[in-house]
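Report on one structure; see the data block that follows.
The values are calculated or read from the model by the stated rules, or taken from the named source; none is laboratory data. A quick note: this is a predicted structure, and the numbers were derived from the prediction, not measured. Positions of Cβ are generated from backbone atoms using ideal geometry, with glycine treated the same way; all protein chains shown enter the neighbour counts.
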Amino acid sequence: MTQTQLPPDKMPPQEVAQPPQMIQDQENPDHWTLNFGPQHPATHTTIHLVMKLDGERVVDITPHIGYLHSGFEKLAEHHTYDQYVTVTDRMNYLSPMANNIAWHHAVEKLLDIEITPRCKYARTIVAELARIQDHLLNVGEAALEVGAFTAFIFCFNDREHIYDLFEALCGARFTTSWTRAGGAMADIPDGWDQMVLDFCKHLPKTLVEFRKLLNRNRIFQERTRNVAVMSYEEAINYSWTGPMARGSGVKRDLRKDEPYLAYPELEFKIPIGSDGDVFSRYLVRMEEIEQSISIIKQAVKNLPSGPINVDSDLRVPLAEKTETYGSIEGLIHHFETVMTNRGFHAPVNECYGAQETANGELGFFLVSDGTNKAWRAKTRGPSFIHLQAAARLMCGHTISEVVVALASMNVIAAELDR
């Protein structure tokens, strides 16, 4: 049966994609203004870059944020300290577990309590898995932005294994909400440590193949070398942290400089770049994945026995299920914490707690008025700090290089909004 075609004058009108609108600069007719995003694959519908162009070259660039309307800091004033962990999942959604750990690290500092040795090691393992999870997507995206789709698939496959590990740990793949003040929602299940070791055994094989695809690839090097260069002094002046700073030679890592969790008892190196360009940041992240594998292996090998939560007499963690079902005190503790939404009360105090996440220093400044909620919570999201240097990084480059530079910054829009 043949399909009948309508004559041209009877065909329905087709929508034609309109090119991005460009506005001519009245002061300098050679300059044009281009809106890059938020509806653009490189900006993920959450960042808007207003670029002033001279031909294909960027003369000036102004980032606009606020497309998520998250209100993360204000929400902290309306949630108890444990409830708020569900909000941290939505900050850096590439590695939500790291946000959970960083938040409760600050809360425990406010409460002046020390978690158990088992919890320290368990959180260290989870934090490094989250770092790998974040870096895998970033280096895969770095390849994808220059057209290397195969490399991106390599990384995404292994990220799925990490999702499987987190699902086995807490029952959720994406919005984990695993930590609690003084411990975690649940201990490590039987066999989970072996699953982690199996993953650490498999991942290096993927990294070898990934490096073969990119490290000496002429196209990849030409697209990333000497692009978005930031000097050592400028990285410090812009308050950069994490791989962004270390790619410029800044030797700063909270795991070494302000040790926490089990890091003081583990051996690992901090990769430092020297060129300060996109390629240097890529190499730093790749090496950090290798170091994270080493940290996880050591932590699993030396994982202590014992409870994962602090003593329930402190009235900070939930009572154990055996106490809840077996004693009136445990039942009352559970009821007051969960059912009546009271939670524990923090002393009148203020503190700042920070950890070295995949993007850099993620910190929370908490002010307590003695109730079960923070009177004020200020978030130091690394993406917010890094994006301030957008004009410095991208001016002088072409539009195609802006895409590569933006990918190297690993800007997570949920860390930008307040």
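General observations
- Pairs linking a residue in segment 231-244 that is of a type in the set (Lys, Arg) to a residue that is assigned to a helix (DSSP H, G or I) and buried (at least 24 other Cβ atoms within 10 Å of the Cβ), with Cβ atoms under 7 Å and 6 or more positions apart or on different chains, do not occur.
- Residue in segment 223-240 that is within 17 Å of Arg281 (Cα to Cα), more than 20 Å from the chain's Cα centre (by Cα) and among the basic types (Lys, Arg) present: yes
- Across segment 157-203, the number of residues qualifying as more than 19 Å from the chain's Cα centre (by Cα) and either of a type in the set (Ser, Thr, Tyr) or part of a strand (DSSP E or B) (or both) comes to 3.
- Verdict on Arg159 being of a type in the set (Lys, Arg) and touching a helix residue (DSSP H, G or I) at 6+ places or on another chain (Cβ under 6 Å): yes
- Looking only at segment 296-311, residues that are in a helix (DSSP H, G or I) and either touching a residue at least 24 places away in the same chain (Cβ under 8 Å) or buried (at least 20 other Cβ atoms within 10 Å of the Cβ) (or both) come to 5 in all.
- Only listed residue being crowded, with 17+ Cβ neighbours inside 10 Å and either without any contact (Cβ under 8 Å) to a residue 24 or more places away in the chain or over 18 Å from the mean Cα position of the chain (by Cα) (or both), chosen from Val411, Val404: Val404
- Test result for Leu144, out of contact with any Ser or Thr (no Cβ under 8 Å at 6 or more places or on another chain) and surrounded by fewer than 22 Cβ atoms within 10 Å (Cβ to Cβ): yes
- Of the listed requirements (1) more than 22 Å from the chain's Cα centre (by Cα); (2) closer than 30 Å to Gly273 by Cβ; (3) polar (S, T, N, Q), Thr206 misses just one: (1).
- Tallying residues that are on the phi > 0 side of the Ramachandran plot and either crowded, with 21+ Cβ neighbours inside 10 Å or in a helix (DSSP H, G or I) (or both) within segment 249-295 yields 2.
- When Arg131 is tested against the conditions (1) closer than 30 Å to Ser400 by Cα; (2) in a loop (DSSP other than H, G, I, E, B), the lone failure is (2).
- Thr150 meets all of the listed conditions (1) of a type outside the set (Gly, Ala, Ser); (2) more than 15 Å from the chain's Cα centre (by Cα); (3) not in a helix (DSSP H, G or I) but one, namely (3).
- From Gly363, Gly343, Gly353, residue being buried (at least 18 other Cβ atoms within 10 Å of the Cβ) and at positive phi: Gly343
- Residue within segment 167-174 that is in contact with a helix residue (DSSP H, G or I) (Cβ under 9 Å, 6 or more places away or on another chain), surrounded by fewer than 14 Cβ atoms within 10 Å (Cβ to Cβ) and touching a residue at least 40 places away in the same chain (Cβ under 8 Å) present: yes
- Residue in segment 69-80 that is closer than 22 Å to Tyr260 by Cβ and out of contact with any His (no Cβ under 7 Å at 6 or more places or on another chain) present: yes
- Any hit, segment 367-376, residues being touching a Leu at 6+ places or on another chain (Cβ under 7 Å) and either in contact (Cβ under 8 Å) with a residue 60 or more places away in the chain or among the basic types (Lys, Arg) (or both): yes
- Members of segment 199-228 that are surrounded by fewer than 18 Cβ atoms within 10 Å (Cβ to Cβ) and not basic (Lys, Arg): His202, Pro204, Thr206, Val208, Glu209, Leu213, Asn215, Asn217, Ile219, Gln221, Glu222, Asn226
- Phe174 being modelled with pLDDT of 95 or more and among the aromatic types (Phe, Trp, Tyr): no
- Number of residues in segment 56-71 that are touching a Lys or Arg at 6+ places or on another chain (Cβ under 6 Å) and among the β-branched types (Val, Ile, Thr) equals 1.
- Scanning segment 86-114 for residues being in a loop (DSSP other than H, G, I, E, B) and surrounded by fewer than 24 Cβ atoms within 10 Å (Cβ to Cβ) gives a total of 7.
- Conditions (1) in contact with a Cys (Cβ under 8 Å, 6 or more places away or on another chain); (2) at pLDDT 95 or above; number of the one not met by Gln194: (1)
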